[in-house]
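Report on one structure; see the data block that follows.
What follows draws every value from the coordinates through simple rules; no lab data is involved. What you are looking at is a predicted structure, and each value in this text was computed from that prediction instead of being measured. Backbone-built Cβ (ideal geometry, glycine too); neighbour counts: all protein chains shown.
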Amino acid sequence: MESDLVPAVAEAAMKVLVTGASGFIGSRLCRRLVADGHSVVAVMRPRAGDVRYPPGDVIYAHLPYGIPPSAFEGVEAIVHCAGTTMGQDEAESLAVNVETTRVLAAIAHCLPGFRRLIYVSSQSAHEGSVSIYGRTKLRGEEVLRASGVPCAIVRPGLVFGPGSEGLFARMRATVDRLPVLPLLGGGK
């Protein structure tokens with residue numbers, strides 16, 4: 001009976017390219033994909049310092065145009081986790097959140113056996129967004145919807161977990177230092 005399951009599991013395994021693979025969501029996604037038997041191409045920006053190396057074939061690239069064509073060989077799914085969240089200007093946000101989405105969708109059209117492009121957007125992606133991040137994530141969604149590529153768009157809320165990075169960790173550190181808890185938006 002066990003040997004009957006092996007071919008089914010092997011058939012389900014895919015090659016997945018993940019942008020933002022060293023980020024909070026991307027690094028955890030890469031570990032999960034590998035644990036589930038998938039092959040991962042982990043795309044991350046070249047940078048110095050303390051960097052988590054996700055499992056899989058690590059590709060260093062500047063987005064939107066720096067991913068080498070060889071990285072896409074055999075890729076059946078793309079998860080676009082890369083995004084600019086703070087400290088970047090509008091040009092960088094447009095490049096990563098909008099133009100990279102356009103480039104990935106165009107490449108996906110040419111990949112034999114391609115199944116789906118998953119775009120990790122944000123709850124701040126809406127018409128009334130006051131942040132560059134939210135506005136460019138919304139534009140990335142629009143690009144993907146118009147591309148005709150099989151896709152899914154996810155809008156995670158406040159993401160948190162072990163570690164000292166991300167918005168939640170910064171909020172927790174601020175609360176730990178303050179004698180009072182600020183009531184954002186007047187509590188409404």
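Each peptide among 140-153, 60-73 gets the average number of other Cβ atoms lying within 10 Å of its residues, and from highest to lowest they stand as 140-153, 60-73.
Val143 sits among other residues whose Cβ lies under 12 Å from its own Cβ, and their net charge, with Lys and Arg +1 and Asp and Glu -1, is +1. Stretching Arg31 away from Leu158 to a fully extended chain increases their span by 43.7 nm, per 0.36 nm per residue minus the current alpha-carbon distance.
Listed values for region 39-47 are Karplus-derived 3J(HN,Hα) couplings in whole Hz (6.51 cos²θ - 1.76 cosθ + 1.60, θ = phi - 60°), namely 9, 10, 10, 9, 9, 9, 6, x, 7, and x replaces Gly and Pro.
Peptides 35-44, 110-119, 20-29, ordered by how many other C-beta atoms sit within 10 Å of their residues on average, highest first, read 20-29, 35-44, 110-119.
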